[in-house]
1. When region 303-314 is examined, which residues are found to be out of contact with any Gly (no Cβ under 7 Å at 6 or more places or on another chain), surrounded by 14 or more Cβ atoms within 10 Å (Cβ to Cβ) and closer than 30 Å to VAL262 by Cα?
2. Taking the conditions exactly as written (modelled with pLDDT of 95 or more and at positive phi), does GLY347 satisfy them or not?
3. When region 398-450 is examined, which residues are found to be over 22 Å from PRO148 (Cα atoms), assigned to a loop (DSSP other than H, G, I, E, B) and β-branched (Val, Ile, Thr)?
4. Can you work out which of the residues in region 191-236 that are surrounded by fewer than 21 Cβ atoms within 10 Å (Cβ to Cβ) and of a type in the set (D, E, K, R) is nearest to MET256 (Cα to Cα)?
5. Taking the condition among the basic types (Lys, Arg) and under 21 Å from LEU134 (Cβ atoms), does ARG99 pass?
6. Going by what's in this entry, would MET158 be described as surrounded by 21 or more Cβ atoms within 10 Å (Cβ to Cβ) and on the phi < 0 side of the Ramachandran plot?
7. In region 315-343, which residues are surrounded by 14 or more Cβ atoms within 10 Å (Cβ to Cβ) and within 29 Å of GLN91 (Cα to Cα)?
8. Would you be able to tell me the number of residues in region 213-238 that are closer than 22 Å to ILE200 by Cα and either of a type in the set (D, E, K, R) or not in a loop (DSSP other than H, G, I, E, B) (or both)?
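The values are calculated or read from the model by the stated rules, or taken from the named source; none is laboratory data. Only a predicted model underlies this, so the values are computations on that prediction, with no experimental measurement involved. As a convention, Cβ positions derive from the backbone with ideal geometry for all residues, glycine included, and neighbour counts pool all protein chains shown.
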Amino acid sequence: MTDGVPLDRRVYFEVFGCQMNKLDAELMLGVLNEDGYELTDDPQDAGVILYNTCAIREQAENRVFSKLGNLKGLKKSRPDLVIGMLGCGAQNHQHDIFRRYPHVGIVCGPGEFLRLPQLIDQAREEGQVAALDLDKPVRFVRTENLGPRPQHAFVSVMRGCDMACTYCVVPTTRGGEVSRPVSEIIEEADALVASGVKEITLLGQTVNSYGKRLAPGRRIGLQHVLCGLNQMDGLERIHFITSHPRFMNRELVEAMGELDKVCEYLHLPVQSGSDDVLRRMLRSYTMKHYRKIIDDCRQLVPDIAIATDVIVGFCGETEAEFAETVKLLEEVRFNGAYIFKYSERPGTPAAEFADDVPDEVKRERNQILLEIQRRISLELNSESIGQETEVLVEGVSKKDKTRWSGRNRKHQIVVFPIQGDENLVGQLVNVKVRDVTSVVLVGERPGEES
């Protein structure tokens, strides 16, 4: 509600991109709230318009640039309006934004967003301000969950990335890897659980590389964070994303199998089934290593669900190399896969390569993998029919207002009928699966079967 709030204290905020961007947006909202700002869902009703941006894919950046361009007239009619481009996209295009969009007042990267209230004041006084330092650690104290789901919270265990994948801008836009102390993570999680959070997802660009340089002479890994969280009263579920195959060690897999609150779900991007493509990507693992991880996970974490990411049409990808990715999907049988067409990102090493796979070939390969994955997901989901699954209810289904929607421990979406005026948001409910699609399990509470 913004009734009675001065126009210059009303903020319209839009977020693009990954879960880390969503968490950063929550932290931004936290510092803005402390300074007396209030959210509005109408940019015409705002004194400050902010976009927290993503640089991973060109399409997401173009959407932001279009929105910035459309604000030129509003800024002209309201000179006091402050417009800000924040996050990875701002860091990535720092030298072009003010030139292309002179009506933008703030360009702020992922390293300085906690200074937003001061940056807004500075933009009002000076017209434009840039904050792009990635060398200072982002330190914060978080005591409440400002995300859209009160029962779920993201918690970052680290920031930045030390990898050198040739297609990726993240090391440039987020800086080098810095892990947070275990005690700091546990303290934040404890406060969130006290506020009603039941499920925590730990975040990192390569979350399973957590602990590097944290304590010289001691080997600290993500499993130590999981162990600490697993002892926390009131916390029901723990996830972590996104993992890198290079750092998926046996100790972490064993912790997943042994700790009862750690969910049976792993997101492990493979990107390609071809060793030659992986070498061009500088992914630093082979398919033999990747398959060994999958085997270990399925041995040590019974009934684990594994999802992956795949890029099709990377520079020089031949039909034979693509066929290796097809073979991988058929043999590993992932529960889910996020499949993307390669798009060149300026400033990355791969931008110097020839982007020589035609767009129509990329589209064809993308469609082939999507169809394979839909079939496999449907087959795997069908194995759940007749079984009960524990669902953490998130809210009313967006597609069917007569059903609740939530996720089970394997991160699968589950829907089931609403009864009367009940409110099950944030509750754990057992649901018996009656039908499935490739993305949703459909069920009923035991005893409600027709």
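1. Narrowing region 303-314 to residues out of contact with any Gly (no Cβ under 7 Å at 6 or more places or on another chain): 303-306, 308-314.
Keeping just the survivors that are surrounded by 14 or more Cβ atoms within 10 Å (Cβ to Cβ) gives 304-306, 308-314.
Hits for region 303-314 are ILE304, ALA305, ILE306, THR308, ASP309, VAL310, ILE311.
2. Working: modelled with pLDDT of 95 or more: no; at positive phi: yes.
Answer is no for this residue.
3. THR437, the sole residue that qualifies.
4. GLU236
5. Details: among the basic types (Lys, Arg): yes; under 21 Å from LEU134 (Cβ atoms): no.
No, not satisfied.
6. Yes.
7. CYS315, GLY316, ALA337, ILE339, PHE340, LYS341, TYR342, SER343
8. 13
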